[in-house]
Structure formats: C-alpha cells, structure tokens
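The values are calculated or read from the model by the stated rules, or taken from the named source; none is laboratory data. Bear in mind that the values here come from a model prediction, so they are computed numbers and not experimental data. Note that we place each Cβ from the backbone using ideal geometry, even for glycine, and neighbour counts take in every protein chain shown. Just so you know, the surface numbers come from the protein's heavy atoms only, side chains and all, with ligands and any DNA or RNA stripped out. Shrake-Rupley method; radii C 1.70, N 1.55, O 1.52, S 1.80 Å.
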Amino acid sequence: MVKMNAPKLLRKFLMDPKWECMPISLSGNTDCYQPAERKFGITCQLLEICNEFNQPVGMITKNAGMLRDKDLLQEMASKNSSPSSSLSRRWMKDCGISWSPGPPRQNSGCG
C-alpha cells in the first residue's frame, strides 16, 4: 500500500497552529526507502516538506536509496533538522553527508 497523499497530509499537519514542534520519524516498522520509493518518491517529498518547515525528522534505513536525497539531507543537516542517531556517522561520511552532532541550536527546527 502506497500512501500517495502522505505529503499533503504532512503539510496540513505541520501547518496546524496547535502543532508543537518535536521530532517526527519517517520510518518505524518498515524502511522508508522501500522499492516503491523509486517510483513514487514519497520519502523525498516528505523530506522536502520537513525541510521547508525546519521540522526535525528521524529515519531508520540501511537502503542506498537514501543517496538520492543526499543533497536534501545535507541541507537539513546544516540546519540541524536532519536524521541523527538513526544514521551511522561513518556511513554518512562515506556518502559525503557532513553532519555535526550536538545539542540543537537555539533557533533550529520548526522556526
């Protein structure tokens, strides 16, 4: 099952004035880079929306499909709103994604 309306629903959710910024996860029981991601690009769309809203997000994946979103993840990392503990720092370095772990910046995320 592919949730084609997920990006629209996420945008609506993040625009809700009652939403209090806290990290969300794009994966849980399943990898967000399933084979269908190649065709539909939903994870990329979700990441773009999270980036637009400075929404902190986490992902759990071992899938090389993540490399398609490398530039977007790099941009999110520069704002300190990218996936953190779910990704091996060494793997990120090997993929050319630089990210410095540390406490969130004062005005980072959802701002």
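Scanning the range 37-82 for residues that are free of Cβ contacts under 8 Å to residues at least 12 places away in the same chain and part of a loop (DSSP other than H, G, I, E, B) yields a total of 1. Scanning the range 30-73 for residues that are modelled with pLDDT under 85 and farther than 22 Å from Val2 by Cβ yields no hits at all.
Of the residues making up the range 28-64, those that are more than 19 Å from Gln74 (Cβ to Cβ) and small (Gly, Ala, Ser) are Gly28, Ala36. Of all residues in the range 1-26, those being assigned to a loop (DSSP other than H, G, I, E, B) and more than 14 Å from the chain's Cα centre (by Cα) number 11.
Per the conditions (1) surrounded by 15 or more Cβ atoms within 10 Å (Cβ to Cβ); (2) farther than 23 Å from Cys110 by Cα, the sole criterion not satisfied by Lys39 is (1).
Scanning the range 49-65 for residues that are hydrophobic (A, V, I, L, M, F, W, C) and over 21 Å from Asn29 (Cβ atoms), we see that the one that is least open to solvent (accessible area, probe 1.4 Å) is Ile49.
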